[in-house]
There are 2 protein chains.
Amino acid sequence: MPQGKPVAVPQDGLTTRQRRNRPLLMLHTGEMKGKSTAAFGLALRAWNQGWPIGVFQFVKSAKWKVGEENAFKALGRLHDETGEGAPVEWHKMGEGWSWSRKQGTEEDHAAAALEGWREIARRLAAEQHGLYVLDEFTYPMHWGWVDVEEVVATLRDRPGHQHVVITGRHAPQALIDAADLVVAMTKVKHPMDAGQKGQRGIEW
Amino acid sequence: MPQGKPVAVPQDGLTTRQRRNRPLLMLHTGEMKGKSTAAFGLALRAWNQGWPIGVFQFVKSAKWKVGEENAFKALGRLHDETGEGAPVEWHKMGEGWSWSRKQGTEEDHAAAALEGWREIARRLAAEQHGLYVLDEFTYPMHWGWVDVEEVVATLRDRPGHQHVVITGRHAPQALIDAADLVVAMTKVKHPMDAGQKGQRGIEW
């Protein structure tokens, strides 16, 4: 539900309308489920607004998030056929990024992550998407596979009206500082505490 | 990413497979964004699994979440036309529940919330959906519009294989106790702190 009025109006020379429509850098972090699912929920809104969506999954396994992937690919096809919604591109590390020639080959994960980030930086410069979902992108930052300062500077200086949502644990402080919105998903209770393993349709 | 092994294996007489596939009662609570968006992200997985989805929004405004609503209605139509995914029903309070004859009339919110819950209880008994999204349903509980003990007992004793996710702040303790999974969305940083109001495509 609407959350009411902002607590302070900044002296930034912007009108409320300009400030309202400022593109956002969002971060979903914390140890608990919901980081990626909330990012994909947000992408539903972007789809409805007609903003071209680019999903970049910095994970190895193809099994996880296949539900979201299939649903968004269906929404992307629907757009291509009827014009409803927005185009959707879905790229994932692991089998080789889909724009790369190195598909299907054995990969060095650090090199693949860096290659993914370089592509995202090019797309940001070209204003290619309205919403970027950089799923689990905190890990390449945390592990030093990509340069955090360079990532933050590129995101901060991105042109036009491009929203970005980044998910994952261990978010670097510089990213938290740069983000407009940071949500931590925290655990109150998890089925694994009661001995339950992940299940199809719920965990992926 | 997969979270590894459960910390303890319960003495409940179930096999791992039975336990793995146990239908879940999930709760997304806390003061921050992401509760509903994560629930709708979860619904994407259910759609991909072919589980019939029932969304019940216990809110007044039609503006908020229209992005998710449009995207899920598109996914529901896609299912109806091609058989892909799962059927989607989307019901909301405010203009009158869509199954009710009282559509478009002025409503007593407490009565409408109770009417919504009664319908959900009937559907649970009939095993009508694979996933129920009871969006902002904590508020009718918190405000005493529905009986928390009755809700918890009905959810706990629901037959078959029906997943339920409930969103909203002020979750009653009895609901937390009954839930298999409880996530709190907590604030680290919000754009309204910097004087920014909600914006289209992000907040709805």
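Order of B:Phe137, B:Phe72 from fewest to most other C-beta atoms within 10 Å?
Ascending number of Cβ neighbours within 10 Å: B:Phe72, B:Phe137.
Measuring label to label, 7 Å along Cα→Cβ, what does A:Asp147 give against each other copy in nm, shortest first?
Counterpart label points of A:Asp147 in the remaining copies fall at 6.6 nm.
Would you please give the residues with an amide H less than 5 Å from that of A:Lys189, counting only those at least 5 places away or on a separate chain, with H modeled from the backbone geometry?
B:Val182
How far apart, in nm, are two points set 7 Å out from the Cα along the Cα-to-Cβ line at A:Asp157 and at B:Trp99?
Placing both labels 7 Å beyond Cα along the Cβ direction yields 5.7 nm.
Fewest Cβ neighbours within 10 Å first, please rank B:His109, B:His161 accordingly.
Working: B:His109 15, B:His161 12.
Ranking B:His109, B:His161 by Cβ neighbours within 10 Å, fewest first, gives B:His161, B:His109.
Grab the beta carbon distance between A:Glu150 and A:Ile176, set R0 = 25 Å, and tell me the FRET efficiency rounded to 0.05.
0.90
Could you pull out which residues in region B:74-100 have an amide N less than 12 Å from a spot 7 Å beyond the Cα of B:Arg122, following the Cα-Cβ vector?
Answer for region B:74-100: B:98-100.
Distance in nm between label sites at A:Trp143 and A:Lys187, each 7 Å beyond Cα in the beta-carbon direction?
Between A:Trp143 and A:Lys187, the label points sit 2.2 nm apart.
Using a label point 7 Å beyond Cα on the Cα-Cβ vector, give me the inter-copy distances for A:Lys187 in nanometres, one decimal, shortest first.
2.6
What does the copy distance list look like for A:Thr82, label position 7 Å along Cα→Cβ, in nm and ordered from shortest?
1.1
Find, among the trypsin sites (Lys or Arg not before Pro) in region A:65-142, those assigned to loop by DSSP (not H, G, I, E, B) with at most 16 other beta-carbon atoms within 10 angstrom. Could you put the intermediate results ahead of the total?
Values: sites: A:Lys65, A:Lys73, A:Arg77, A:Lys92, A:Arg101, A:Lys102, A:Arg118, A:Arg122, A:Arg123; in loops: A:Lys65, A:Arg101, A:Lys102.
Passing sites in region A:65-142 are A:Arg101, A:Lys102.
Can you work out the Karplus-derived ³J(HN,Hα) for every residue in region A:126-134? Use 6.51 cos²θ - 1.76 cosθ + 1.60 with θ = phi - 60°, whole Hz, and x for glycine or proline.
8, 6, 7, 10, x, 9, 10, 9, 9
So how do A:Thr186, A:Thr29 line up by other beta-carbon neighbours within 10 Å, fewest first?
Placing the least packed residue first, the sequence is A:Thr186, A:Thr29.
Just round it to a whole percent: the fraction of Cα-Cα distances in region A:78-162 exceeding 19 Å.
Numbers: 1613 of 3570 pairs.
Pairs farther apart than 19 Å: 45 percent.
Every number in this text was worked out from the coordinates using simple rules, so none of it is lab data. Everything quoted here is computed from the prediction, not taken from an experiment. All Cβ positions, glycine included, derive from the backbone under ideal geometry; neighbour counts span all protein chains shown.
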